[in-house]
Amino acid sequence: MTHEIAVIPGDGIGQEVTPAAVEVLEALEIEFEFREGEAGDAVKEETGEALPQETYDLAASADATLFGAAGETAADVILPLREAVDSFVNVRPAKAYPGVDAVRPETDLVFLRENTEGVYSGHEDRLTDDVATLTRVVTESASRQLAEFACEYVADNDYDGFTTVHKANVMRATDGLFRDTVAEVADENDIETDEVLMDAFATHVCLEPDQFDVVVCPNLAGDVLSDLAAGLVGGLGLLPSANVGPDRALFEPVHGTAPDIAGKSVANPAATILSAAMLVEYLGYDEEGAAIREAVETTLEEGPRTSDLGGDASTGGVTEAIVDRL
Ligand code: NAI
Ligand code: MG
């Protein structure tokens, strides 16, 4: 079976780290057909459009998409691309690796963030010179879909359960619905859960990150708290993510185009290669995903390393070492 993969490198270091991840995928014994699409600042300059229709269609029809990063046009690219795969959950692991300086080396958790609604549902108005408003939308259906994904994720990955993060003590109607729906679905699936208020979570995760494994949260809370966790594990260069929909998914590093180092072949490819590991796992190749992860982890620990981790290796040098270890 051949898997069709849309590859959208985008701008800046996206052009360097995305081919690196494709190189790793090509080293596996899985049949892929890669189809490249353009998106971002450069194509906008050329054509007037940051996300050409054909790139959108590529993501909307491929089995999975690997995306690098876009520059100033990031929002015009990534939001429609997430929509193209109908993504309802953003999966963001934050793990500290041996050999990498981390504020909290014991951190190893994964955020499952609601990806369509909450305060990001787009209902914002400027009513008068003085007043602007925002409507926060929470639906039972989206909360249920997220919770069902979380239960499956916990079972598939041998976790004991998950933690629901919310602020239902204040946002009683919206987060109340979120919390109650998630709890109900967990109960139906015999999955253990506990709950932490989102502000308290921010403190707890800094002080004792090993208390948490899988964290289920509404959109904004997931956005902010997963960036906070990124800080605990040593920054952006290592964090992968997945935007998962019912039939397809899009995988991307958490970082952006890194204009300060773009074009120098010194970008760390680890986040994008770890995103590729999530991609193959999504397609059902758990062993291959684990093998990529292990090759990356060994390379982070033993080198070669890029300069963000104190080394002097190039993007290609690190990629070659990872492919060799595969
Ligand atoms: P950034 O993530 O591009 O860079 C922040 C810092 O981290 C820089 O010093 C950079 O050199 C370093 N860094 C990031 N990834 C790295 C890697 N793989 N290896 C080594 N060092 C790395 O964030 P910034 O500077 O806020 O944004 C730059 C551009 O990227 C902006 O135009 C922004 O709009 C865009 N962006 C796009 C995203 C996306 O497409 N999903 C996400 C975040 C930012
Ligand atoms: Mg964010």
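The values are calculated or read from the model by the stated rules, or taken from the named source; none is laboratory data. All of these numbers come straight from a predicted model, not from anything done at the bench. Here Cβ is always computed from backbone atoms with ideal geometry, including for glycine, and neighbour counts include all displayed protein chains. Note: areas computed on protein heavy atoms with side chains; ligands, DNA, RNA excluded. Shrake-Rupley method; radii C 1.70, N 1.55, O 1.52, S 1.80 Å.
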Residue ID - most open to solvent (accessible area, probe 1.4 Å), chosen from residues in the range 89-125 that are in contact with a helix residue (DSSP H, G or I) (Cβ under 7 Å, 6 or more places away or on another chain) and of a type in the set (Lys, Arg): Arg104
Is it the case that the range 138-157 has a residue that's more than 26 Å from Thr299 (Cβ to Cβ), open to solvent by less than 40 Å² (accessible area, probe 1.4 Å) and touching a Pro at 6+ places or on another chain (Cβ under 6 Å)? no
Looking only at the range 228-287, count how many residues are in contact with a helix residue (DSSP H, G or I) (Cβ under 9 Å, 6 or more places away or on another chain), in contact (Cβ under 8 Å) with a residue 12 or more places away in the chain and charged (D, E, K, R). 2
Condition first: in a loop (DSSP other than H, G, I, E, B), more than 14 Å from Leu279 (Cα to Cα) and within 16 Å of ligand 2 (Cβ to nearest atom). Can you find one or more residues in the range 49-70 that meet it? yes
Step by step: first the residues of the range 59-70, then only those that are open to solvent by less than 20 Å² (accessible area, probe 1.4 Å) and not β-branched (Val, Ile, Thr), then the one that is nearest to Ala271 (Cα to Cα). Which residue is that? Gly68
Which of the residues spanning the range 251-262 are modelled with pLDDT of 95 or more, open to solvent by 30 Å² or more (accessible area, probe 1.4 Å) and more than 6 Å from ligand 1 (Cβ to nearest atom)? Ala262
Restricting attention to the range 239-250, and to residues there that are away from ligand 1 (no atom under 11 Å from the Cβ) and not in a strand (DSSP E or B), which single residue is least open to solvent (accessible area, probe 1.4 Å)? Gly245
Under 19 Å from Glu195 (Cα atoms), of a type outside the set (Phe, Trp, Tyr) and assigned by the TED database to the domain that holds Phe201: does that describe Leu127? no
Of these, Ser265, Ser226, Ser275, which one is open to solvent by less than 10 Å² (accessible area, probe 1.4 Å) and in the same structural domain as Thr315 (by the TED database)? Ser275
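For (1) over 24 Å from Arg104 (Cβ atoms); (2) away from ligand 2 (no atom under 12 Å from the Cβ); (3) out of contact with any strand residue (DSSP E or B) (no Cβ under 7 Å at 6 or more places or on another chain), each residue gets a yes or a no:
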| position | (1), (2), (3) |
| --- | --- |
| Gly231 | no, yes, yes |
| Leu239 | no, no, no |
| Val244 | yes, yes, no |
| Ala249 | yes, yes, no |
| His255 | no, no, no |
| Pro259 | yes, yes, yes |
| Asn268 | no, yes, yes |
Would you check which residues across the range 283-298 are surrounded by fewer than 23 Cβ atoms within 10 Å (Cβ to Cβ) and either under 17 Å from Leu239 (Cβ atoms) or of a type in the set (S, T, N, Q) (or both) and list them? Gly289, Arg293, Glu297, Thr298
Residue under question is Ala321, and the condition is that it be open to solvent by 10 Å² or more (accessible area, probe 1.4 Å) and either touching a strand residue (DSSP E or B) at 6+ places or on another chain (Cβ under 7 Å) or of a type outside the set (Val, Ile, Thr) (or both); does it hold? yes
So which residues in the range 1-35 are within 21 Å of the chain's Cα centre (by Cα) and assigned to a loop (DSSP other than H, G, I, E, B)? Asp11, Gly12, Ile13
